[in-house]
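The values are calculated or read from the model by the stated rules, or taken from the named source; none is laboratory data. Computed from a prediction, not measured in an experiment: that's the story for all the values here. The area values use the complete protein model at the heavy-atom level, side chains included, leaving out ligands, DNA and RNA. Shrake-Rupley method; radii C 1.70, N 1.55, O 1.52, S 1.80 Å.
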Amino acid sequence: MFTFRGNPLRNASTRAWRKALTESGITNFRWHDLRHTWASWLRQNDLPTWVLQELGDWKSEAMVRRYAHMSVKHLQPYADPLIVRPIVETRAKPQKSVGADDTKSPTRPAKPRLYVVR
């Protein structure tokens, strides 16, 4: 239930509301979309599914999943092995010679290489 100054809103689709939607560029707005947003934000902030189910008054966990987009934190263990870390190679000081490539610096790190961390 939405409230304004402590009183329940009986009608939120006022001229002011429609004007705000138009000025913000929101089209095809449905009040029900706010339920999806609310549930998604709570779930992405690690609210347990069973708590969200009670707060949203859903009858089953399957319904919660339809409304609340899962947090991506559960994917972290699978993504960790793909961390890219730069490898800094120390290079010997290049000897100056006629026509030497001055763009290579002994202090410039080597290009990062992709490797799997185990």
Handout entry: Residues satisfying the stated conditions in the stretch 15-37, i.e. over 23 Å from Tyr67 (Cα atoms), open to solvent by 60 Å² or more (accessible area, probe 1.4 Å) and either of a type in the set (S, T, N, Q) or not in a helix (DSSP H, G or I) (or both)
Key = Thr22, Ser24
Handout entry: Single condition Leu47 does not satisfy, out of (1) in a helix (DSSP H, G or I); (2) over 20 Å from Phe2 (Cα atoms); (3) under 23 Å from the mean Cα position of the chain (by Cα); (4) at pLDDT 85 or above
Key = (1)
